[in-house]
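Notes follow the structure.
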Amino acid sequence: MTIRRLLLERGHRVAVTGRKPDKLQAFLTEAGRPKELMSVVADAADWEATQAAVAQTVEHFGGLDAAIANAGFTSADCFRTGGATISHGDGDPTLWPAMVLTNVLGPALLARAALPHLREHQGRLVLIGSVAGLKNARHPHRPTDRTAHLTTSRCMCWRPPGLVMAGRSRDSMSHIGKALVC
């Protein structure tokens with residue numbers, strides 16, 4: 001929730017999404033900023049839920065200046081055990097689909113749902129992946145580099161007039177007024 005807190009600290013209005021209503025409510029209560037903050041229960045890998053989250057944000061705040069794809073997780077078989085990394089052969093492929101859908105499809109769905117609103121405000125699309133996306137991490141259970149590839153492809157061939165593709169720095173969020181953080 002660090003990005004959400006940063007945006008709130010800078011005076012932005014923020015909509016946060018998540019799959020767990022109790023966690024969202026805890027964040028809303030902790031933040032204590034009802035005029036600047038709203039939450040939407042949504043799964044980043046669900047097209048209808050993503051569309052609904054964008055629509056609710058636009059309706060609540062009157063527009064959308066930024067969409068930040070920040071949802072992501074790693075499957076349990078990616079953790080280190082006993083000081084050694086689990087090898088590919090030890091991984092559990094049944095754990096990977098949900099991770100790939102959230103980490104790779106999720107940002108694409110958010111981009112597609114938010115694009116018309118971002119065009120209206122010359123908004124920013126911020127896609128955030130882990131540091132593994134910047135390294136040569138070519139593992140089937142590490143789709144974080146796919147987020148970097150998605151960002152690059154969107155910059156090169158899908159960038160409509162007026163849409164800013166923001167980088168990975170805090171400065172890329174300095175001109176955001178109304179943001180949806182998925």
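The values are calculated or read from the model by the stated rules, or taken from the named source; none is laboratory data. Nothing here was measured: the structure is a model prediction, and the numbers come from that model. FYI the Cβ positions are ideal-geometry reconstructions off the backbone, even for glycines, and counts take in every protein chain you see.
The test for being of a type in the set (A, V, I, L, M, F, W, C), surrounded by fewer than 14 Cβ atoms within 10 Å (Cβ to Cβ) and modelled with pLDDT of 85 or more holds for residue 98. Residue pairs whose Cβ atoms lie under 8 Å apart, separated by 6 or more positions or on different chains, with the first residue in segment 19-34 and farther than 19 Å from residue 50 by Cα and the second among the charged types (D, E, K, R) and part of a helix (DSSP H, G or I), are 27/4; 31/4; 31/5. Scanning segment 7-22 for residues that are surrounded by fewer than 21 Cβ atoms within 10 Å (Cβ to Cβ), more than 19 Å from residue 46 (Cα to Cα) and among the charged types (D, E, K, R) turns up 9, 10, 22.
Sort out which residues of segment 32-71 are surrounded by fewer than 17 Cβ atoms within 10 Å (Cβ to Cβ), assigned to a helix (DSSP H, G or I) and not acidic (Asp, Glu), and write them in order of number.
Of segment 32-71, the ones surrounded by fewer than 17 Cβ atoms within 10 Å (Cβ to Cβ) are 32-36, 41, 47-48, 51-52, 55, 59-60, 62-63.
Narrowing the set further to residues that are assigned to a helix (DSSP H, G or I) leaves 47-48, 51-52, 55, 59-60.
Across segment 32-71, the qualifying residues are 47, 51, 52, 55, 60.
With respect to the conditions (1) surrounded by 19 or more Cβ atoms within 10 Å (Cβ to Cβ); (2) at pLDDT below 90, residue 114 falls short on a single one, namely (2). Among the residues making up segment 48-75, those that are within 15 Å of residue 19 (Cβ to Cβ) and modelled with pLDDT of 95 or more are 48, 49, 50, 52, 53.
Applying the condition of being in a helix (DSSP H, G or I) and at pLDDT 80 or above to segment 117-133 and asking which residue is surrounded by the fewest Cβ atoms within 10 Å (Cβ to Cβ) yields 120.
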